[in-house]
1. In nm, to one decimal, how far is the PHE16 label point from the ALA89 one, both placed 7 Å along Cα→Cβ?
2. When the chain is fully extended, how far beyond the present Cα-Cα distance does CYS3 get from LEU132, taking 0.36 nm per residue of separation?
3. Could you please state, rounded to a whole Å, how far the C-alpha centre of the stretch 12-50 is from the C-alpha centre of the stretch 103-130?
4. Given CYS8, VAL53, VAL140, which one lies farthest toward the positive end of the charge dipole of the stretch 2-141, if we put +1 on the Cβ of every Lys and Arg and -1 on the Cβ of every Asp and Glu?
5. If I stretch the segment between LYS38 and LYS63 completely, what's the gain in nm (0.36 nm per residue apart, minus their alpha carbon distance), one decimal?
6. Can you show me the helix-derived [θ] at 222 nm for the chain, built from DSSP H runs with n ≥ 4 at -39,500 (n - 2.57) apiece and divided by the number of residues, rounded to the nearest 500.
7. Report the local net charge at VAL53: Lys and Arg +1, Asp and Glu -1, summed over other residues whose C-beta lies under 13 Å from its C-beta.
8. Describe numerically, in nm with one decimal, the distance between label points set 7 Å from Cα along Cα→Cβ at ASP113 and at VAL139.
Amino acid sequence: MQCLGAICGAGVVRGFEGGNEYKLLGGGANTVAHGYTKGSGLGAEIIGTFVLVYTVFSATDAKRSARDSHVPLLAPLPIGFAVFLVHLATIPITGTGINPARSLGAAIIYNKDHAWDDHWVFWVGPFIGAALAALYHQVVIRAIPFKNK
């Protein structure tokens, strides 16, 4: 459903933007920027996704919620800040994918060669980053014993 929503959203953007401006901006499709290798783009996507997913896990952890009853109310703040920081760091490198559905929607609607050249980076990177964040959270963070005050 996320992929379908991204395709529809990219279609709406294409409908509202003029033809020349849309083409000039590459239709919003993610690509690895000139001057960066596919490896550095992949690394940026892995690290960016790791930071975001780890922040989500940490901010919504049930163990932490039991200890700090105010945490569920404040969880959007660190998550939003993580999204902001990841965008600041990765926009110059990859345009910030960190969600394969968003990258897919723009690539399908724009559908030019360069939109597909590096597309694998925007699937592999987020999957690896999310898996590493989940593994780190379960194996390292959740393994720390819970202490009552």
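1. 3.0 nm
2. Length gained, CYS3 through LEU132: 44.2 nm.
3. Their Cα centres are 8 Å away from one another.
4. Of the listed residues, the answer is VAL140.
5. 5.2 nm
6. Counting only the DSSP helices, I get -21500 deg cm²/dmol.
7. -2
8. Distance between label points: 4.2 nm.
Each reported figure results from applying straightforward, stated rules to the coordinates on display, with no laboratory input. What you are looking at is a predicted structure, and each value in this text was computed from that prediction instead of being measured. Cβ coordinates were reconstructed from backbone atoms using ideal geometry, including for glycine residues, and neighbour counts include every protein chain displayed.
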